[in-house]
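These notes concern the structure reproduced below.
Nothing in this text is a laboratory measurement; each read-out follows from the coordinates by a stated rule. Everything numeric here is computed off the predicted structure, so don't read it as measured data. All Cβ positions, even for glycine, are placed from backbone atoms using ideal geometry, and neighbour counts span all protein chains on display.
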Ligand code: NAD
Ligand code: GLY
């Protein structure tokens, strides 16, 4: 059975279809968009097996496609790779009315989405996310970006996809560590405003990670519905609603920066540790029950995700971590908005947090 969720954005609304085995039936949805032309499928080398399967399924349905295979990893979100990708798409003759397919994780989705935002002043694209993180977060909502020497995601555009196809079965080839990291973004939706979903994660997180198909389908559909609601309410992150999705990201970003944005700490692991720190900071300031902060930490430990600085392997001082935060692109007029919590499912934005206080809190955390 297909779950269909709509991102309601007026004439730019689009469907997200979620179904086990959907990749095998992707031609049903892509053939009408191809309109007899060759579809470009952009992927990375680790996802090539799925790209080949998609190419074959399209060919069987009479749809021509051509794969563009980029190197895997965060470094693909670069000016050089963007330029090379645009050149390849132009050489393929992609027109403004065409749809380019992004088949991969958040890296592929972000760079392909940005290329499509600027190619011929904008062409369409379809997201077929292949990591859990991309399925529950980055493929929905139209944030596209590349990195520069000055920082992550600093160059980009809002450019919504025309369609998102989510097949949880592609996660079977995803490395276990990437799956767990993506799971942090699933739990995040419960922590933000949905305590019942957090309780569901406590009960079923292990099964999801172990490969239970029903658990994966339920969690992905639940998370995507939440993301679609948030994006429809605040597409361009201007009224404080979409900013809630940054829970754990300010602390997490500092840890990722300290780890050099390397394999030592991948994004979802930074988010997990960051959420634990945001709850611990809230509890330390009497905003949130200590039991709720403890529940967050216990859940991360139970699924093998870092619950703080020590587990994330970060030994840096509070001052040094806060210095990383000062380079956050959300910094405005000398203040940094923090997502804090009054409890599980009760996250709020606080623009009054004193960075010296954050540094002292971090110094007091176990290393
Ligand atoms: P990723 O795209 O680098 O994928 C992680 C790894 O898994 C890569 O090595 C990739 O090759 C591999 N992989 C992907 N799918 C696979 C599969 N099915 N089987 C085997 N290997 C597979 O990373 P990610 O975690 O998906 O995304 C992280 C990126 O997403 C970051 O650049 C981040 O900034 C961005 N992001 C964007 C948004 C947004 O709203 N646009 C939101 C969150 C994160
Ligand atoms: N991943 C955060 C957002 O889409 O706003």
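With kT/(6 pi eta Rh) evaluated at 20 °C and eta = 1.002 mPa s, and Rh the Kirkwood radius from Cα pairs, the stretch 1-91 diffuses with a coefficient of 143 µm²/s according to Stokes-Einstein. Based on Cα contacts under 8 Å between residues 6+ apart, the stretch 145-258 shows a relative contact order of 18 percent. Be a star and scan the stretch 130-171 for residues whose amide nitrogen sits under 14 Å from the point 7 Å along the Cα-to-Cβ vector of residue 302. In the stretch 130-171, the label zone of residue 302 (backbone N under 14 Å from the point 7 Å along Cα→Cβ) covers no residue.
Which of the three applies to the stretch 70-142, rounded, prolate or oblate, going by the alpha-carbon gyration tensor with a ≥ b ≥ c and a/c under 1.5 meaning rounded? Oblate is the answer for the stretch 70-142, as a/c is 1.5 or above yet b/c matches or exceeds a/b. Relative to the dominant Cα principal axis of the chain, helix 176-193 is inclined by about 70°.
Please say if the stretch 285-354 is rounded, prolate or oblate, where rounded means a/c under 1.5 for a ≥ b ≥ c the square roots of the C-alpha gyration tensor eigenvalues, and otherwise the choice is prolate for a/b larger than b/c and oblate otherwise?
On the way: a/c = 2.35, a/b = 1.26, b/c = 1.87.
In terms of gyration-tensor shape, oblate.
Using only the C-alpha atoms, the convex hull of the stretch 236-283 corresponds to 79 Å³ per residue. Under a no-solvent Debye model with one identical scatterer per Cα of the stretch 145-248, what's log10 I(q)/I(0) at q = 0.14, 0.20 Å⁻¹? Log10 I(q)/I(0), no solvent term: -0.67, -1.20. Pairing the Cα long axis of helix 249-258 with the longest principal axis of the chain, what angle in degrees results, from 0 to 90 and rounded to the nearest 10? Computed tilt is about 90 degrees. Across all directions, the average projected area of the convex hull around the alpha carbons of the chain is 16.6 nm². Each listed q (0.14, 0.26 Å⁻¹) maps to a log10 I(q)/I(0) for the stretch 143-196, found by the Debye formula over equal Cα scatterers with no solvent: -0.68, -0.98.
Taking the Cβ-Cβ separation of residue 148 and residue 38 as r and a Förster radius of 30 Å, what is the calculated FRET efficiency to the nearest 0.05?
Working: r = 32 Å, r/R0 = 1.06.
Efficiency computed from Cβ-Cβ geometry: 0.40.
Helical content of the chain, expressed as a calculated mean residue ellipticity at 222 nm, amounts to -14500 deg cm²/dmol (DSSP H runs of 4 or more residues, -39,500 (n - 2.57) each, divided by residue number, nearest 500).
Roughly speaking, what % of Cα-Cα pairs in the stretch 256-317 are separated by over 18 Å, rounded to a whole number?
Within the stretch 256-317, distances greater than 18 Å cover 33 percent of Cα pairs.
Relative intensity of the stretch 67-225 on a log10 scale, I(q)/I(0) at q = 0.09, 0.11, 0.13 Å⁻¹, equals -0.31, -0.45, -0.62, per a Debye sum over C-alpha point scatterers of equal strength in the absence of solvent. Note: relative contact order over the chain, using C-alpha pairs below 8 Å and six or more positions apart, is 14 percent. Histogrammed with a bin width of 10 Å, the alpha carbon distances of the stretch 37-160 distribute as 14, 50, 32, 4, 0 percent, first bin at zero.
When each of the peptides 106-112, 335-341 is scored by how many other beta carbons lie within 10 Å of its residues on average, the order from highest to lowest is 106-112, 335-341.
One chain, two ends: residue 206 and residue 1. Fully extended at 0.36 nm per residue, the span grows by 71.4 nm beyond their Cα-Cα distance. Axis of helix 79-91 versus longest Cα principal axis of the chain: the two differ by about 20°, to the nearest ten degrees.
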